[in-house]
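Encoded as structure tokens, the structure appears first; notes follow it.
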Amino acid sequence: MGAWGYLPFENDDALDWLDELEGGGADVIRGTLAKVDGGYIEAPEGSVAIAAADITAACQGNPSGDLPENVADWVTAHGAELTAEDVELALEAVGRVAGEESELAELWDDADEPEWRESLEDLSERLRAALR
């Protein structure tokens, strides 16, 4: 049975990506966020980018409050590697995943589940707070 929820770590794509994250440092986050920098964004890439953005916010002291234990451990070990530039990259990625060229946005809009967009608004605000 697959995982499918509106929070960053409630889907199979993000959970599978955590294996890659655990094997690397901040470059894994940066690479993941950079993959959604143009063109149509498929749902798996969007899901993973949202997870990477959530981790970026957590690294800046603004966690969502429900990080998986292995993610919290990664934040403790590598969080200081992420900079304000990474936060800006994460904020841009969230905007693109929420935009018109995103399969994930289409799926959630079709499902008429406003919680997904609300969770992205919360994530964006946590990222903006890190830039203040």
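According to the square roots a ≥ b ≥ c of the eigenvalues of the Cα gyration tensor, what is the shape class of region 1-87, taking rounded for a/c under 1.5, prolate for a/b larger than b/c otherwise, and oblate for the remainder?
Values: a/c = 1.64, a/b = 1.16, b/c = 1.41.
Cα axes put region 1-87 in the oblate bin.
To the nearest 20 debye, what is the magnitude of the charge dipole of region 1-127 about its Cα centre, counting +1 on the Cβ of each Lys and Arg and -1 on the Cβ of each Asp and Glu?
Details: 5 positive and 33 negative charges, 92 e Å.
Dipole of region 1-127, to the nearest 20 debye: 440 debye.
Among Asp66, Asp54, Asp12, determine the one that fluctuates most according to a GNM of the chain built with springs between C-alpha atoms less than 10 Å apart.
Most flexible of the set in this elastic network: Asp66.
Does anyone have the angle between helix 69-78 and the longest principal axis of the chain? Alpha-carbon axes, 0 to 90°, nearest 10?
Between helix and principal axis, roughly 50 degrees.
Quick check on region 31-79: what are the equivalent-ellipsoid semi-axes from the Cα gyration tensor, as sqrt(5λ), descending, whole Å?
22, 10, 9
Once you have the Cα-Cα distance between Asp27 and Glu125, take 0.36 nm times their residue separation minus that, and quote the gain in nm to one decimal.
Gain on extension, Asp27 to Glu125, equals 33.0 nm.
Taking the Cα atoms only, what angle lies between the long axis of helix 12-22 and the longest principal axis of the chain, rounded to 10 degrees?
Approximately 20 degrees, to the nearest 10.
Between Ala80 and Glu106, what is the spin-label point distance in nm, taking each point 7 Å from the Cα along the Cα→C-beta axis?
4.4 nm
For Asn11, enumerate residues with amide H under 5 Å from its amide H, sequence gap 5+ or separate chain, H modeled in the peptide plane.
Residues meeting the criterion, in which the H sits 1.01 Å from N, are Gly5.
Net charge near Glu81, counting Lys/Arg +1 and Asp/Glu -1 over other residues with Cβ under 15 Å of its Cβ?
Net charge in that neighbourhood comes out at -4.
More than 16 Å apart: what percent of Cα pairs in region 76-132 qualify?
That tail contains 49 percent of the Cα-Cα pairs.
Coordinate-derived values only; no laboratory data. Keep in mind it's a predicted model, so treat the numbers as computed, not measured. Here Cβ is always computed from backbone atoms with ideal geometry, including for glycine, and neighbour counts include all displayed protein chains.
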